[in-house]
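These notes concern the structure reproduced below.
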Amino acid sequence: MNAKSKHIKLQFQGFLKTPILWKIHDVMGLKQLELPKMDDFVFDEPLDTNLRLGKRVERFVSAELKRHKDISNCCENLQIQQEKITLGELDCILKWHDCPIHLEIVFKFYLYDDRVGTTEFEHWIGPNRNDTLIKKLNKLCDKQLPLLYNASTKYILDDLNLNASQIQQRVYFKAQLFLPYRSETLKFSLLNKECLKGFYVHFSELRQFEDCKFYIPSKVNWLMEVQTQTDWMAYALFHEKIEELMKNKVSSLCWIKFPNGNTQKFFVVWWDET
């Protein structure tokens, strides 16, 4: 197996092991597609090397849906156009037990900052602070899901012999969450605490980890679980590489191996925590 194929399989395994961001209850009226648990399986479909993380996840979801015997007739990436202007895209329309479902797919990395907003949803932000959980939830509610009922969507639904009024709507919203290093245990009331994957620190705080080893995965490999057999780098080289990213205001997901052998994912961020 070449390195590319191995990485894709590991990305898929990391995707499968990432939980949905909330369970059982709705969030802002958004219902999760809660799929039955199934045994891990190997992703063996070809993927374009340049396929970005979001589109890669869509391919992974497609492969997962195909494994469920009660799910059928998946139509993916349906472009909605009005007079040659693209209004948006429906990620997927499927049938589960013959019930048609419009599914929107989301995979995110969020960091907890209680200085942002006042609610559990508002405190979760993207690694570079230009994205937030509440912003994504609002976009799903106000733009992505309502697209099903747009007049221009009717032509596509007619071809599928479907009526928008008969279609249920779900999201498949997975996320990996990160807390400030050594922060107090966070009480989750609405979100799934199983999504916690690690911690984050500001670049200026790195010296406390100078006895550790590090690895900086590429963006698509953020999906992976930490791999113990990898080319770990010492603190000095890691600090040098991360410093370049910080100068460009790019927060980075990294892997850390502590002196006792424990490993974890963590983010190094450029923005001030104080």
Could we say that LEU147 is modelled with pLDDT under 95 and on the phi < 0 side of the Ramachandran plot here?
no
Keeping to region 1-34, report how many residues are among the aliphatic types (A, V, I, L, M), part of a loop (DSSP other than H, G, I, E, B) and free of Cβ contacts under 8 Å to residues at least 60 places away in the same chain.
2
Number of positions in region 103-128 that are of a type outside the set (A, V, I, L, M, F, W, C), more than 21 Å from LYS174 (Cβ to Cβ) and surrounded by 14 or more Cβ atoms within 10 Å (Cβ to Cβ)
1
Please name all residue pairs, on different chains or six or more residues apart, with Cβ atoms under 9 Å, provided the first residue is in region 250-271 and is free of Cβ contacts under 8 Å to residues at least 12 places away in the same chain and the second residue is open to solvent by less than 60 Å² (accessible area, probe 1.4 Å) and of a type in the set (A, V, I, L, M, F, W, C).
ASN262/ILE256
Residue check, ALA236 against (1) open to solvent by 60 Å² or more (accessible area, probe 1.4 Å); (2) over 25 Å from the mean Cα position of the chain (by Cα); (3) under 27 Å from SER5 (Cβ atoms); (4) not hydroxyl-bearing (Ser, Thr, Tyr), all met but one. Which one?
(3)
Which of the residues belonging to region 181-201 are surrounded by 18 or more Cβ atoms within 10 Å (Cβ to Cβ) and over 19 Å from the mean Cα position of the chain (by Cα)?
VAL201
In region 134-169, anything touching a Leu at 6+ places or on another chain (Cβ under 9 Å), in a helix (DSSP H, G or I) and open to solvent by 30 Å² or more (accessible area, probe 1.4 Å) is listed as CYS141, GLN144, ILE156
Which residue, of ALA3, ALA63, is modelled with pLDDT under 95, surrounded by 12 or more Cβ atoms within 10 Å (Cβ to Cβ) and out of contact with any strand residue (DSSP E or B) (no Cβ under 9 Å at 6 or more places or on another chain)?
ALA63
Scan region 247-274 for residues that are under 17 Å from the mean Cα position of the chain (by Cα) and closer than 22 Å to GLN229 by Cα and report the count.
6
Any chance you could count how many residues in region 195-215 are closer than 14 Å to VAL269 by Cβ and aliphatic (A, V, I, L, M)?
2
Pairs under 6 Å by beta carbon, first residue closer than 26 Å to PHE43 by Cα in region 212-236, partner part of a loop (DSSP other than H, G, I, E, B), six or more apart or different chains?
TYR215/THR230; TYR215/TRP232
Is it the case that some residue within region 100-110 is free of Cβ contacts under 8 Å to residues at least 40 places away in the same chain and of a type in the set (Asp, Glu)?
no
Within region 240-257, how many residues are open to solvent by less than 50 Å² (accessible area, probe 1.4 Å) and either of a type outside the set (A, V, I, L, M) or assigned to a helix (DSSP H, G or I) (or both)?
6
Anything in region 45-61 that is in contact (Cβ under 8 Å) with a residue 24 or more places away in the chain and not basic (Lys, Arg)? List them, or say none.
LEU47, THR49, LEU51, LEU53, GLY54, VAL57, GLU58, PHE60, VAL61
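The values are calculated or read from the model by the stated rules, or taken from the named source; none is laboratory data. Worth saying up front: this structure is predicted, and the values here are computed from it rather than measured. Note that we place each Cβ from the backbone using ideal geometry, even for glycine, and neighbour counts take in every protein chain shown. Ligands, DNA and RNA are excluded from the accessible area calculation, which covers all protein heavy atoms including side chains. Shrake-Rupley method; radii C 1.70, N 1.55, O 1.52, S 1.80 Å.
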